[in-house]
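What follows is a single structure, written as structure tokens, with notes after it.
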Ligand SMILES: Cc1ncc(COP(=O)(O)O)c(C=O)c1O
């Protein structure tokens, strides 16, 4: 029943723990009162967003690079626009190895800079990940470097499994562990240790609705390739599980649930606002699954908050949406005469109701708009939800029609 490959991950994970403990953080496991109350179980958060490089990926990368270093390999190459890039770059710097990271040309400047900051050579190539991966293979062959796969590798899985060893030490009774699934390397590592040491603990996987590759593969009985959509949880957007990760996850996982973009955004918002924790989309997915009520959570539940590397512009969008949802911010849109003073009259009505203007868009060119009017969109922080209706009435009394659009 227990797959042979999981036995191998389990046995290597003990050595991985020695290496990872030396060069990465043993991250805290914190009980969250807020989320526990919302979910009706004792929810503990494993804070890999506080890990070196901002994500758990460094664990697998460190162990893999260590093993290659032992074998006399001089350099590694990886294709990634995300956390794997920084993990491999950091791992290579620890062992004094050369690292070449190929990123798609669309990778954010922040990620490119962070990866360079760990001493890696960054090659920008192609529009999407697949192009970068092809280029990385080419470089590996030409320059005699070893390619480090982000998940379909026993050493990578053994490195990710070190999270399970830490959690088992940090909490005696664990009823369930909630794990986000990208390619399945993390889930494979967690399952290989948890199902051996504490078989009664349930392990539940989470995928975005936009990229349910493991769930689809399990239904089909073999790894299949899907066409994923973009997701806030970009770390979980993978086309296909690995053969090795599929073998472990399909045999050992208790359940997989999917979460919507809205649920992921809500989890990022709650983690920041209520728990003061910054998580990226993939990092918030396990909390999203719990908050959505899709998991029957009982007893002590561990949610892996796997990373915190969120783009600031994405975070800004998520926060505005979250504030709109909770009634703290509203978006008003209307048409005003395009004459001097008309925008300022609108703003003074908002100020009278103690609305704090966060952003104003003033558009003179809009479909169907005549040349004497302009469209105005205003993002306003409001002291309470009922104030919005008063603002709209006062604006109407002044002769301009505004609506709440967010
Ligand atoms: C923050 C974060 N969480 C979860 C995952 C998923 O890990 P895996 O691909 O091993 O399933 C990733 C993968 O990059 C990630 O960056």
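The values are calculated or read from the model by the stated rules, or taken from the named source; none is laboratory data. Computed from a prediction, not measured in an experiment: that's the story for all the values here. Positions of Cβ are backbone-derived with ideal geometry, glycine not excepted, and every protein chain shown enters the neighbour counts.
Quick notes
- Per-region count, segment 235-255, residues surrounded by 24 or more Cβ atoms within 10 Å (Cβ to Cβ) and assigned to a helix (DSSP H, G or I): 6
- All conditions in (1) under 30 Å from residue 173 (Cβ atoms); (2) touching a residue at least 12 places away in the same chain (Cβ under 8 Å) hold for residue 358, with the sole exception of (1).
Rundown of residues vs (1) surrounded by fewer than 17 Cβ atoms within 10 Å (Cβ to Cβ); (2) modelled with pLDDT of 95 or more; (3) in a helix (DSSP H, G or I), yes/no style:
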| residue | (1), (2), (3) |
| --- | --- |
| 295 | no, yes, no |
| 301 | no, yes, no |
| 324 | yes, no, yes |
| 369 | yes, no, no |
| 378 | no, yes, no |
| 389 | yes, no, yes |
| 406 | yes, no, no |
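- Of the residues screened, residue 7 is one that is over 27 Å from residue 309 (Cβ atoms) and surrounded by fewer than 19 Cβ atoms within 10 Å (Cβ to Cβ).
- Within segment 114-128, the set of residues being closer than 14 Å to residue 84 by Cα and without any contact (Cβ under 8 Å) to a residue 60 or more places away in the chain comprises 115, 116, 120, 122.
- Residue 399 being out of contact with any strand residue (DSSP E or B) (no Cβ under 7 Å at 6 or more places or on another chain), under 20 Å from residue 266 (Cα atoms) and not in a helix (DSSP H, G or I): no
- Within segment 63-85, the set of residues being within 14 Å of the ligand (Cβ to nearest atom) and either over 22 Å from the mean Cα position of the chain (by Cα) or closer than 16 Å to residue 159 by Cβ (or both) comprises 63, 64, 78, 80, 83, 84, 85.
- As a summary of the residue check, residue 289 satisfies the conditions (1) crowded, with 24+ Cβ neighbours inside 10 Å; (2) outside any helix (DSSP H, G or I); (3) touching a strand residue (DSSP E or B) at 6+ places or on another chain (Cβ under 6 Å) except for the one numbered (2).
- For segment 213-228, a residue qualifies if it is in contact with a helix residue (DSSP H, G or I) (Cβ under 9 Å, 6 or more places away or on another chain) and more than 12 Å from the ligand (Cβ to nearest atom), and the qualifying residues are 217, 218, 221, 222, 223, 224, 225, 226, 228.
- Residue list for segment 377-406, restricted to those being within 35 Å of the chain's Cα centre (by Cα) and farther than 22 Å from residue 319 by Cβ: 386, 403
- Count of segment 26-60 residues which are outside any helix (DSSP H, G or I) and more than 15 Å from the ligand (Cβ to nearest atom): 11
- Residue 339 vs. criteria surrounded by fewer than 16 Cβ atoms within 10 Å (Cβ to Cβ), more than 20 Å from residue 232 (Cα to Cα), more than 14 Å from the chain's Cα centre (by Cα) and outside the structural domain of residue 217 (by TED's automatic domain parsing): yes
- Residues in segment 61-85 that are touching a residue at least 40 places away in the same chain (Cβ under 8 Å) and in a loop (DSSP other than H, G, I, E, B): 73, 74, 80, 81, 82.
- Some residue of segment 86-100 being in contact with a helix residue (DSSP H, G or I) (Cβ under 7 Å, 6 or more places away or on another chain), in a helix (DSSP H, G or I), in contact (Cβ under 8 Å) with a residue 60 or more places away in the chain and within 13 Å of the ligand (Cβ to nearest atom): yes
Every residue, every condition in (1) touching a residue at least 40 places away in the same chain (Cβ under 8 Å); (2) more than 16 Å from the ligand (Cβ to nearest atom); (3) assigned by TED's automatic domain parsing to the domain that holds residue 129; (4) on the phi < 0 side of the Ramachandran plot, yes or no:
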site: 244; (1), (2), (3), (4): yes, no, no, yes
site: 250; (1), (2), (3), (4): no, no, no, yes
site: 304; (1), (2), (3), (4): yes, no, no, yes
site: 313; (1), (2), (3), (4): no, yes, no, yes
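- Residue check for residue 20: touching a residue at least 24 places away in the same chain (Cβ under 8 Å), part of a helix (DSSP H, G or I), within 14 Å of the ligand (Cβ to nearest atom) and in the same structural domain as residue 304 (by TED's automatic domain parsing): no
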